[in-house]
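*Asks:* Here it is, the structure, as structure tokens.
The values are calculated or read from the model by the stated rules, or taken from the named source; none is laboratory data. Remember, it's a predicted structure, so these values are computed and weren't measured experimentally. Virtual Cβ from ideal backbone geometry, glycine too; neighbours counted across all protein chains shown. Accessible surface is based on the protein model in full, side chains and every heavy atom, while ligands, DNA and RNA are left aside. Shrake-Rupley method; radii C 1.70, N 1.55, O 1.52, S 1.80 Å.
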Amino acid sequence: MDIRCERVYDWTPEDGTFPVLVDRLWPRGVKKERLAGVQWDKDIAPSPDLRKDFHSGALGFEEFSGRYTDELEGSDAGQELLARAQEAGASVVVLLYASKDKKENHARVLADYLRGL
């Protein structure tokens, strides 16, 4: 299964994909109607404390990545997400995120983790 990351603000729906919003908070300025049919998986997002530490600059990306991966390994959320995508018959999972940084964000860490499952 292919796993892609896309900014929610740039995303365009495609047939055969399984889009899932992987942010704990709803993205600013995005109407719920725009994401109709998109699953919102708050449980797979980083914990509130980890998210706040990263966005405040208290953690660098490397340390954030390690801690977030630890959270993912202690949860069944990754396996459950992939199982839902398989049940839907999707060949591509699209992880939607709101972060401005397209290179250092939690969706990239999550994508790497899911590819390893």
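*Asks:* Check residue 36 against each of (1) modelled with pLDDT of 95 or more; (2) exposed (fewer than 13 other Cβ atoms within 10 Å of the Cβ); (3) not hydroxyl-bearing (Ser, Thr, Tyr) and name the one condition it does not meet.
*Replies:* (1)
*Asks:* Right, another one. Looking only at residues in the stretch 77-100 that are under 17 Å from residue 46 (Cβ atoms) and in contact with a helix residue (DSSP H, G or I) (Cβ under 9 Å, 6 or more places away or on another chain), which one is most open to solvent (accessible area, probe 1.4 Å)? Please lay out each step first, then the result.
*Replies:* Of the residues in the stretch 77-100, the ones under 17 Å from residue 46 (Cβ atoms) are 77-78, 80-81, 95-100.
Now restrict to residues that are in contact with a helix residue (DSSP H, G or I) (Cβ under 9 Å, 6 or more places away or on another chain): 77-78, 80-81, 95-97, 99.
Numbers: 77: 8, 78: 1, 80: 99, 81: 0, 95: 0, 96: 0, 97: 3, 99: 29 Å².
Checking each candidate, the answer is 80.
*Asks:* Moving on. Out of everything in the stretch 39-54 that is open to solvent by 90 Å² or more (accessible area, probe 1.4 Å) and of a type in the set (Asp, Glu), what residue ends up being modelled with the highest pLDDT?
*Replies:* 49
*Asks:* What residue, among those in the stretch 55-72 that are farther than 11 Å from residue 44 by Cα and of a type in the set (Asp, Glu), is surrounded by the fewest Cβ atoms within 10 Å (Cβ to Cβ)?
*Replies:* The residue in question is 62.
*Asks:* Right, residue 117: surrounded by fewer than 17 Cβ atoms within 10 Å (Cβ to Cβ), in contact with a Gly (Cβ under 8 Å, 6 or more places away or on another chain), assigned to a loop (DSSP other than H, G, I, E, B) and not small (Gly, Ala, Ser) or not?
*Replies:* Judged against the criteria, residue 117 is a match.
*Asks:* Any idea which residue in the stretch 1-29 is nearest to residue 114 (Cα to Cα), counting only those that are surrounded by 14 or more Cβ atoms within 10 Å (Cβ to Cβ) and without any contact (Cβ under 8 Å) to a residue 40 or more places away in the chain?
*Replies:* 24
*Asks:* Working carefully through the options 82, 25, find the one that is farther than 14 Å from residue 96 by Cα, modelled with pLDDT of 95 or more and aliphatic (A, V, I, L, M).
*Replies:* So the residue among 82, 25 that is farther than 14 Å from residue 96 by Cα, modelled with pLDDT of 95 or more and aliphatic (A, V, I, L, M) is 82.
*Asks:* Limited to the stretch 6-25, what total is found for residues that are within 18 Å of residue 55 (Cβ to Cβ), out of contact with any Phe, Trp or Tyr (no Cβ under 8 Å at 6 or more places or on another chain) and not hydroxyl-bearing (Ser, Thr, Tyr)? Talk me through it step by step, then tell me what you get.
*Replies:* If we filter the stretch 6-25 for residues that are within 18 Å of residue 55 (Cβ to Cβ), which is where we start, we get 7-9, 21-25.
Pick out the ones that are also out of contact with any Phe, Trp or Tyr (no Cβ under 8 Å at 6 or more places or on another chain) and you get 9, 24-25.
Then keep just the ones that are not hydroxyl-bearing (Ser, Thr, Tyr); that gives 24-25.
The qualifying residues number 2.
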